[in-house]
Every structure is written in C-alpha cells, then in structure tokens.
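Values in this text are rule-based calculations from the coordinates and carry no lab data. What you are looking at is a predicted structure, and each value in this text was computed from that prediction instead of being measured. All Cβ positions, even for glycine, are placed from backbone atoms using ideal geometry, and neighbour counts span all protein chains on display.
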Amino acid sequence: MTQDVDQRAGARPGDQASPDDLVVVPVRHPLRWVAVVVLGVLVAMLVHSLVVNPAWRWSYVQGYFTDGQITDGIVVTLELTGLAMAIGIVFGVVLAVMRMSPNPVLSSAAWFYTWFFRGTPVLVQLLFWFSFAYLFSNLSIGVPFGPRFHTWDTNSIITPFVAGVLGLGLNEAAYMSEIARAGLLSVNEGQSEAAAALGMSRTLALRRIVLPQAMRVIIPPTGNETISMLKTTSLVIVISLNDLTGAAQNIYNQATFLQIPLLVVASIWYLIMTSILSVGQYFLERRFGRGTSRTQAPRPWQRLLAQYRAQRAPQSAASS
C-alpha cells in the first residue's frame, strides 16, 4: 500500500515520501453550504419585510421608544425583577439548606414547598395573591387565637405591586432551592468534614467553606433565572400592574390602536435589558470560576475573532 502511494506521488520505490509531497484534501461539508443558503434567504426575506412592509410603522416605534409610560413601565419591570430575585435567592438558599437537613420535619417542609410552587403555574399564583383579600379581608398581629394588637385592611397592604412581588418571588424560591441544592451537593463532603475537624459550626462552614465553592455551580443557572424573571414579569399585566408590557398595551389600547409597533418597542427594550444581564452573568461566571481547571466557553464574538486570526496567520507568514 505504501509503495502504491509513493508511485502515485512520483517517488521511486524505496524512497521515503516527504511531507511536502503529500496532498492534503480538506473534508467537504456540502450540507453546511445548503444551510447557509437557506439561512441567507430567510434573513433576506426578514430584512425585506422590515424595510418594505409599511405595517411595521417604524415612525411610531421611534416616537414611542422613550415615551413616559414606556420608561415608567421599564422601572416597574426592573423593580419587580430585582425584588423577586432577591426573595427567590435568599429563600431558595434557606429551602436548600432545610432540604439537606437531617431533621425530617425541616426536610419534608422544604420538599412540600418546592413541590407545591413548582407544580402550580405562576399566573395562578399571581391571581391568588391579587385576590388574597377574598380569603382574609383584614391582616392583624397579636396572640394566635387570642387578642389582636393591630389590624390592617388587606387591600391596602397587598397592592398589585406587592402581589406581583410575592407571586414571582415565592415561585422563584422553589426553583432557586433546587439550583442551590445542586450547588451544595457539588461540593465534596470532605470539605464539611475538614471544617468540622477545625471546630467550625455547620453554619460557619456553610458560609465560609461550602457556599463559596458552590457558587461556581449556582451562578450560571441563577443568571438564566434572572433573565427569565425579567421576561416573566410581563405576566403581571393580568393583575392590572403596568410594567413594560402593560405600558405598551395601554398606549395601543388608548391612543394608537396599533399593536405591532408598540410590541416592537417593548421587545427592543427587553432585548436591551436581557443583553445587559447576559454581560453581567458572563463576568460573574468568570469571577467565581477562577481557580478551576475547566476553561470558560468562548462567546460567539470570541469564536469569530479566533477564526479571523487563524485565517490571517498564514497570510501574514507568507508575506513576511
């Protein structure tokens, strides 16, 4: 077989073929070009529609992009996202610790909470908290089954904004508890045993030893949950709370009667906010991923830059 290759390459029998005589043929991928053509056609059709179709009403999109109702809705969306994620993260870590507790009562209570809030839709939970006054018209503090020290009207306390925060935050806590539990389980038990041997309590070992190592596993899904929460806040429109989506709906219901341009405005703002959160998630992952042997996955722009440099390297070498 080697003799045939040498003869085809023009070498005499018994001579060794040099690397320069070998012809390297790259593997061809015709389906890739088909996919590129199909994708290019679809992108061209989309761009053509965006430019030619007058129903997009880009003048309305530009005019309402910084409207006062839109900016107020953005503030409400960010407030809901921040408060709901704060409740979800803190309560989720507590639930994860309870779930891993050797106490069967605490473990069972955490499991039931997670089962219930993950098993019911977040929209139903929002409507429940919005209608909480139907069950309890007044909220009070005092001795259980005894005298009351002070009483408040439920509707004055659980406003639509508070109902939105409670519905989103308590639902998120169920998901964050599983994320936190996965992160805690990823830390070797030897770390806790070593901390106990040094005289650390379980709480101190959790705060100083276990949680810092678990953050490498907790941060990526938490970033995804934050981005998802930002978009999930649009559900508060059903409890008459004007977030970004609610503001866009109010404008096209009361003023323009043009749904698509206002929905485009809302979509652009959502894309801007989620992009900023994605950048923050990237740097957090790099921060908590330090000291590990696993390299960070390159971003799309990093891959494009690496490919460009790889193509430019042979040209630079040839010119020099």
Base-10 log of normalised Debye intensity for the chain (one unit scatterer per alpha-carbon) at q = 0.07, 0.11, 0.12 Å⁻¹: -0.52, -0.97, -1.07
Rounded to whole Hz, the Karplus (6.51, -1.76, 1.60) HN-Hα couplings of the stretch 183-190, x for glycine and proline: x, 5, 6, 6, 7, 4, 4, x
Protection-proxy order for peptides 138-151, 166-179, each taking the mean of Cβ atoms within 10 Å per residue, highest first: 166-179, 138-151
Net length gained if the chain between Ile141 and Val90 were fully extended (0.36 nm per residue, minus Cα distance): 15.9 nm
Unit charges on C-beta of K, R, D, E only; dipole of the chain, Debye: 460 debye
Ranked by how many other beta carbons lie within 10 Å on average, peptides 64-73, 235-244, 276-285 from highest: 235-244, 64-73, 276-285
Relative contact order, percent, the chain [alpha-carbon distance under 8 Å, six or more residues apart]: 21 percent
Unit charges on C-beta of K, R, D, E only; dipole of the stretch 75-221, Debye: 260 debye
